[in-house]
Each structure stands twice: as structure tokens, then as C-alpha cells.
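One structure is given here, and the rest of the page talks about it.
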Amino acid sequence: MTGEETKSNIVHISVRPLVEYVFSSGSIDSGFRTPAAMHEGTRIHQQVQRAYREGDHKEVYLKTEIPFDGIIYQIEGRCDGLIVTDEGLTVDEIKSTSAGLDMLEDGRAVHWAQAEVYAYIVAKDQGLERVGVQLTYVDAKTGEERRFKRTRTFAELTDFVTGVVRRYAPYAALRLENVRLRDESIRALPFPFPAYREGQRKLAGSVYGAIMEKKKLLAKAPTGIGKTMSTLFPSVKAIGEGLLGQIFYLTARTITRTAAEQALGLMQEKGLRLQSVTITAKEKVCFQEETVCTKEACPYADGYYDRINGAVLDILANETIMTREVLERYARKHRVCPFEFSLDAAYAADAVICDYNYVFDPRVSFKRLMEEQKRRTALLVDEAHNLVDRGREMFSADIGKAGFLQLKRDYKQRNRAVAQAADAVNKYFIEFRKACGDERTHVSEEAPEELVRLLEAFAGEAERELAAGPGEQQLLLETYFAAQNFIRTSKLYDERYVTYAEILRSDVTIRMFCLDPSYLLAQAEKGYRSTVFFSATLTPLSYYRDMLGADADDYAVSIPTPFKKEQLDVQIHPLSTRYRDRERTREALADLLYRLVTGKRGNYMLFFPSYQYLQSVYEVFAMKYPDVGTIVQGPGMAEEERERFLSAFRADNRDTLAGFAVLGGIFSEGIDLQGDRLIGVAVVGVGLPQLGLERNLIRDHFNREGKSGYDYAYVLPGMNKVLQAGGRLIRSERDTGVLMLIDDRFTQPHYRALLPEDWKS
Ligand code: SF4
């Protein structure tokens, strides 16, 4: 929560998080946090600092130590300015605001606190009796400035800073004690299983080595070796050795978060005392029917910051593995938003289990993670093959015309500046559409700079309107966020991007599409001590090394399967499943599948490249073979439907069951049907994504780069899905089964080379 670093009885903390902790108060306010103003912070600082005179100093690094109650607080920070004024030597703290200067009566308490801590350090270092303290607020839009000044004696400042430390002390003392208990428990912690399974020691050793040497590691590790434990255990040990302060266990799906919690639970049974926080998406944990995060609409937002310190102290004093349920319980008890609470608790946790986006997505990543804290954090990226497309999505942004037309109408009377700015964006889209003539899609390598400029103007006006009073302004808020996201993405735009527009009647959507996420992923990984990417399907490793932002000298390890060859019977059937042949081969395909599922009584999963294809083969199959029990995946299944689908795969089913599912869907990855719950899998086709604009743009981009564009856009993502689906079959030493691969391309050397060794008979 505060970005502090703790060691024995020393607490190292920066001024800003310290005062933010102590002076936190008020409510969550619609998630509207004026990011534009924050973004402009540097420009505004420079504007004020340029007016400093000779003898004034800017960006002054300050540091002090304050002993309190047996703990030494090492406090440091950088004050914006140290200037000479009528009040003598004065600390200047610069803040930008988009709410308008008139809204400020006397500066915010937390800003004064920050400046006064700096003033205390200056007075102490220079032996001054009194120091000037100044807050300089700058209107982000007009550049207008307003100053508030006061003078403080050294005695006053000493009292003040002691008070700040006193209020912070309970939290710091608790963290110190928890860290002591944690490190002690780690030193005594044995590997939680009686013995290492085959491959497990190698993986665990590689993870530890990568953390020790501050490298990234790509680990191709098959199902069944206990990847979660093999990555978590060495990372926990690295905490005990002082190499790490924190672990981030990053997942693509909720289900794998549970596996990480269970692994920590197992270590806890062996004596580990480590605190973890699991973060669940806001929409899922929200206590309200509608997620409207304002103090008026939500009691958990109202006064959140007044109660959050108490809530965090309570949970840290009493809990270790903070799952969703545990967090919800404390959130209700302290009446705080469960989502924001989980984020605040995460800053203080030793391990954080969450989705990729909290580290990689510029929209939601942990902004308060200090560089120092990052240097002591390892990222463990589970099922890392997913990060390529997830990265593309996180770094891309689009914006459509419709919202602006509506806003122009809605705000005509209420706020002319907002209406005009929305109108300007709307007109841009109209002109754009005209220029495209009959084209339905339009592609350009250039960033849409003119649009970004208009969106910036719109965002500025929207921000003022929203800051003045939220009220019922949902469309403005949503459009504002979309505009901000677009503007933010435009700053990342380079030769790895392309812009395309889709025109549908009068509507136009413009998208900045990230073709190659590797550079931005590497940027996001920067600063962390180590990143471990692991998955059963990082094939070929060279492609994932290229796409996940690893360097040539980063490590890679490939663990062989722990299972015996006899456990898996692989059959390849060279029947064409290409689009043009599907009609012709569907009856033969249905026959083939019938042969598979009637070979032995039991449960089978049959994977198809699309719902349409699935449906067309299913119709034939069901008509020809009504005696076989079937269950069919449908698009957009709700949670209960999914559970019903999976629970049909019972080990004690008396009749054969054939599950029709789609490749790359919810049942082809991450599900674990052990033993007789699944005895056969068929994969129809080589999984190529559907031909489409985005895939073709990716292909062309990598071709230009001298790489195999078709492989990067189609073959490798496709084969990854095949490997994942096939990987559902053998989950333990006791499993056996038949894997049927149906497509003539499986016999071609190019595709064959991508199959695991144990699939090549
Ligand atoms: S409980 Fe829901 S509505 Fe309330 S602040 Fe949290 S996310 Fe927003």
C-alpha cells in the first residue's frame, strides 16, 4: 500500500506514499482521477521551474532518518523547488489541477503535508530556525498559477513530522513483524511434497537461478510436473534469501489463480507464513447491483479513504492467504469497496495473484509500485502463451463516432464547450468517412494525429465538466475514458502499430492496432528483478522469446514430459478440414469421430476450429449415430452452463459421452479432467485463426520484418491451440488415452515440427 521497504527494524519510505497513507480521507469518486492532469504534470512542473531565479534549486533530493518506537524510518523524496522568497528559504511543491483554481480554498492537506515533511528535512539539514512552505497550483488547461504560503518553525515541523510518523507506525510495525515471521518460516520451509517429481527440480532450479541472476526465463514445462509449485516454491525461497520482497503471480484466467492459492496453502501447511492477496476483476467483486463508484451511489465508495487504513491493518494482522472470499469478508466488515481494498492490500502483500493486466495494461497497472519495490519483485507469468494476444489487446485502442454525436446533442444547453469539442470529433469522423468513399475498411501506417488532437481538446473539456460535479453523466464519463485510452495509446504508437478504420453505414470506428507487443511488454517488464514465463505450449521457444520481450541472453528451459509413451496413443488422420473441403469431408469426419468414441467406452472431447463447423459436423453425427451420448458447447455459456458441461464428464459414466467443443475456447485450455473423466480427444484441423483483417496485418508486418508472417499470424497461434487441446488428455501418471489429430497438414514437416516429441509416433 505504501511502497515501503522493510528490513529488520528499518523502514525505508518515500515522502509521498507516507503522507498519502497518513492523510488518506474521503470517498472513491466515480473512478474519475483526472489522468490528463497527471499526465501533464511534468510539463507543468517545468513551466513553474523555468521561472525560478538564480540561486533557486529544482528537484532537490532530500533524505533523513527518524527513530520512533524502536524503528528507524528512513524517509526520502525529491522536492520540486527550494527557492528564496520573502519568507526566507522556501520549499515549493507544484501541483496541477483540472478542477479549476477557484475550487481551492487553501490547498489540500496531503499536499501541505508533503511540503512540510520536505521543509522539516531542509531545516534539519541546514540548521534553520524557520522555513517557508509554498504550494503552487497550476490550472492544467490555462496554465494559470495560484500560490499558498506559510512559514513554519523547526519546532513546529518537528512536531508535525513526529505526528506523521506516529500515525504511520502501527502499519510499519505490523509489516516489520509480518516480514520477520515470514522470513523465519521460509528458512525452515521444506519442499511441500515428499519428493520432487521428474522435471520439477529442474524447473524450480531454473526459476531460482533466473531470479538470482536477474534474468528472464522462458520455461516450457509440460502438464503434470506441478508448474505452479515449481515456480512459486523457489520464488518464496528467494524472498527468504532477501533477493525478493514480493512475487506477482500473473494469470490469464481465474481458474489458475485458485491453483496458485492452493500451492501457497500447501506450503502454509508446512509452516510457511506468507501473505498473499488475490485480485478479482471489479465487475465480479462489486457489492452493488450496478457498478457506479460514487459516494452518492455506493456506501462502499462513500468514505472509503477514511476507513481503508483500519481495514488494511485488520486484514494484515489476522490473515495470510487473502482470497476473494476473505477480502470480501473484511470489505463488508469495514464497509470498503472490495476491489479497491484488494489493490490497497496488495501493495502490502508478499505475493499478489492477479490477471496479467495489473502489470502489463497501461490502463489498470499498479501505478504506485515504486521502482525500488519493483527491483525486488519477480513476475511469474502463468500460461504465458496467452500474453502475446493479450498484449496486443492491452496496447491497442479504438474509438467510435456514435458517442460524440450524442454528446454534442446532450450538452448543447448544459455545457457549450463540451458540445463543441464533441462536435469537432464528430465532424472529423464525417470527413474521414467521406474521404474513404466506398471503402469499408481503411488502413494506414500513420497514427491519427489530427483525431488525437481533437480528442485531447475534448478530454480537457470533459474533465472540467466531470470535475465540477459528476451527477448523471455516464456517457460523458465513458467517452472520456475511451478518449483517454486512445490518447494514451497514441503515445505508444510506432512502427509496430497500424491504424485501421471500419465503416458501417454512418458509424466509423478507428483503431490503433498493436501488431507486435514485444517491445511494450519488455518495457512493462523493465524494472522488475526477474520475469518467468511458463507454459506447456511455448512452441517454438524462439517465437515466444521474440514476442514476449525476452532478450537473446535471457534463459530458456524445456522440461520433458514426465509421462510414459505408452500412456498416450496418437493417431493422425490426413483428412482435409480446409474450408473449401469441409462440406465434402464432413460425413467421413463424423465417421472417424464415431470410430474414436466407440473404440472404448468412456468420455471424449472433440475440438473444432469454429462453432459453425462444429454444428455442421454435429448434425451429421447426431443423425447417423443417435446412440452416442453427446454434449455441445455453445457460444457465450454462463458460469453454470460451463459447470454443467464439465460435470457431465464423470469418471463413473456408464455410457460413452462425446463432448463437442471449440478449439481455443473455454474447454480447450486450463481444464483438468483427470483419470477416466477423459479418455480420448480429437482435434479437428490445425487451429488456424480465421482469415481476417487483423491477422493479415500481423502477417504483412512480420513479412516486412523478414520473418515468416504467415507463421506468426496464423500457424503458430493455431498450433498452440492444438497443443493446448491435446494437453487436456494426460494429466497424471495414471491417465491413458487416445489423441486423434485430423488434418493432412499434421503430416507435413512444417506442422509436424511443432508437435511435442511424445506426439510423434
Ligand atoms: S462496491 Fe462496486 S460500486 Fe462500490 S465502489 Fe466498489 S466497485 Fe464501485
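Before moving on, here are some points about what is shown:
- Summed over region 509-539, residues that are in a loop (DSSP other than H, G, I, E, B) and closer than 26 Å to Arg376 by Cα total 5.
- Residues of region 654-669 that are closer than 21 Å to Thr223 by Cα and assigned to a loop (DSSP other than H, G, I, E, B): Leu663, Gly664, Gly665, Ile666, Phe667, Ser668, Glu669.
For every residue, the table says whether it meets (1) over 30 Å from Asp676 (Cβ atoms); (2) in contact with a helix residue (DSSP H, G or I) (Cβ under 7 Å, 6 or more places away or on another chain).
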site: Gly527; (1), (2): yes, yes
site: Ser535; (1), (2): no, yes
site: Pro540; (1), (2): yes, no
site: Asp546; (1), (2): yes, yes
site: Val557; (1), (2): yes, yes
site: His573; (1), (2): no, yes
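- Hits in region 255-266 - residues which are open to solvent by less than 60 Å² (accessible area, probe 1.4 Å) and under 16 Å from the mean Cα position of the chain (by Cα): Thr256, Arg257
- Thr258 being among the polar types (S, T, N, Q), within 11 Å of the ligand (Cβ to nearest atom) and on the phi < 0 side of the Ramachandran plot: no
- Counted as qualifying within region 1-56 are the helices (runs of 4 or more DSSP H) with 3 or more residues that are at pLDDT 80 or above and either within 16 Å of the ligand (Cβ to nearest atom) or closer than 18 Å to Asp306 by Cβ (or both), namely 15-22.
- Every listed requirement among (1) under 21 Å from Val161 (Cα atoms); (2) within 40 Å of the chain's Cα centre (by Cα); (3) surrounded by 12 or more Cβ atoms within 10 Å (Cβ to Cβ) is met by Val48 save one, (1).
- Candidate set: region 161-178, residues that are touching a helix residue (DSSP H, G or I) at 6+ places or on another chain (Cβ under 9 Å) and crowded, with 17+ Cβ neighbours inside 10 Å; chosen: the one farthest from Val131 (Cα to Cα): Asn178
- Test: residue in region 675-688 that is without any contact (Cβ under 8 Å) to a residue 12 or more places away in the chain, over 16 Å from Phe607 (Cα atoms) and not hydrophobic (A, V, I, L, M, F, W, C): no
- Scanning region 267-301 for residues that are more than 16 Å from the ligand (Cβ to nearest atom), crowded, with 17+ Cβ neighbours inside 10 Å and not in a strand (DSSP E or B) yields Met267, Gln268, Leu272, Arg273, Leu274, Gln275.
- Filtered residue count, region 211-254, keeping only those that are within 21 Å of Thr280 (Cβ to Cβ) and open to solvent by 10 Å² or more (accessible area, probe 1.4 Å): 4
- Scanning region 374-393 for residues that are farther than 18 Å from Gly664 by Cβ and either of a type in the set (Lys, Arg) or open to solvent by 10 Å² or more (accessible area, probe 1.4 Å) (or both) turns up Lys374, Arg375, Arg376.
- Of the residues examined, Ala155 is not one that is of a type in the set (Gly, Ala, Ser), open to solvent by less than 50 Å² (accessible area, probe 1.4 Å) and assigned to a helix (DSSP H, G or I).
- Every pair of residues 6+ apart whose Cβ atoms lie under 8 Å, when the first sits in region 263-281 and is touching a residue at least 12 places away in the same chain (Cβ under 8 Å) while the second is in a strand (DSSP E or B) and surrounded by fewer than 22 Cβ atoms within 10 Å (Cβ to Cβ): Leu264/Ile321; Gly265/Ile321; Gln268/Ile321; Gln275/Ile321; Ser276/Ile321; Ile279/Asp355; Ala281/Asp355
- Among (1) at pLDDT 90 or above; (2) within 16 Å of the ligand (Cβ to nearest atom); (3) open to solvent by less than 30 Å² (accessible area, probe 1.4 Å), the one test that Thr323 misses: (2)
- Condition check for Tyr304: surrounded by 22 or more Cβ atoms within 10 Å (Cβ to Cβ), within 16 Å of the ligand (Cβ to nearest atom) and not acidic (Asp, Glu): yes
- Residue in region 700-709 that is among the hydroxyl-bearing types (Ser, Thr, Tyr) and within 15 Å of Asp569 (Cα to Cα) present: no
- Residue in region 310-319 that is assigned to a loop (DSSP other than H, G, I, E, B) and farther than 24 Å from Phe533 by Cα present: yes
- Residue match in region 68-89 (condition: under 32 Å from the mean Cα position of the chain (by Cα), more than 23 Å from Val22 (Cα to Cα) and outside any helix (DSSP H, G or I)): no
- Among all positions in region 111-118, there is no residue which is part of a strand (DSSP E or B), under 20 Å from Val165 (Cα atoms) and out of contact with any Ser or Thr (no Cβ under 8 Å at 6 or more places or on another chain).
- Where Glu340 falls short, out of the listed (1) within 18 Å of the chain's Cα centre (by Cα); (2) within 12 Å of the ligand (Cβ to nearest atom); (3) free of Cβ contacts under 8 Å to residues at least 40 places away in the same chain: (3)
- Subset of region 393-423 [assigned to a loop (DSSP other than H, G, I, E, B) and polar (S, T, N, Q)]: Ser396, Gln413, Asn415
- Some residue of region 481-492 being more than 21 Å from the chain's Cα centre (by Cα), over 28 Å from Lys707 (Cα atoms) and open to solvent by less than 20 Å² (accessible area, probe 1.4 Å): no
- Put simply, of Arg416, Arg440 the only residue that is under 30 Å from Asn703 (Cβ atoms) and open to solvent by 40 Å² or more (accessible area, probe 1.4 Å) is Arg440.
- Selection status of Leu592, over 28 Å from Thr377 (Cβ atoms) and in contact (Cβ under 8 Å) with a residue 12 or more places away in the chain: yes
- Any chance Ile315 is within 16 Å of the ligand (Cβ to nearest atom), in contact with a Leu (Cβ under 8 Å, 6 or more places away or on another chain) and of a type in the set (A, V, I, L, M): no
- Residue match in region 421-433 (condition: open to solvent by less than 40 Å² (accessible area, probe 1.4 Å), under 30 Å from Leu264 (Cα atoms) and touching a strand residue (DSSP E or B) at 6+ places or on another chain (Cβ under 9 Å)): no
The values are calculated or read from the model by the stated rules, or taken from the named source; none is laboratory data. In this text, all values refer to a predicted model and were calculated from it rather than measured experimentally. Positions of Cβ are backbone-derived with ideal geometry, glycine not excepted, and every protein chain shown enters the neighbour counts. Ligands, DNA and RNA are stripped out before the accessible areas are found, and what is left, the full protein with its side chains, is counted by its heavy atoms. Shrake-Rupley method; radii C 1.70, N 1.55, O 1.52, S 1.80 Å.
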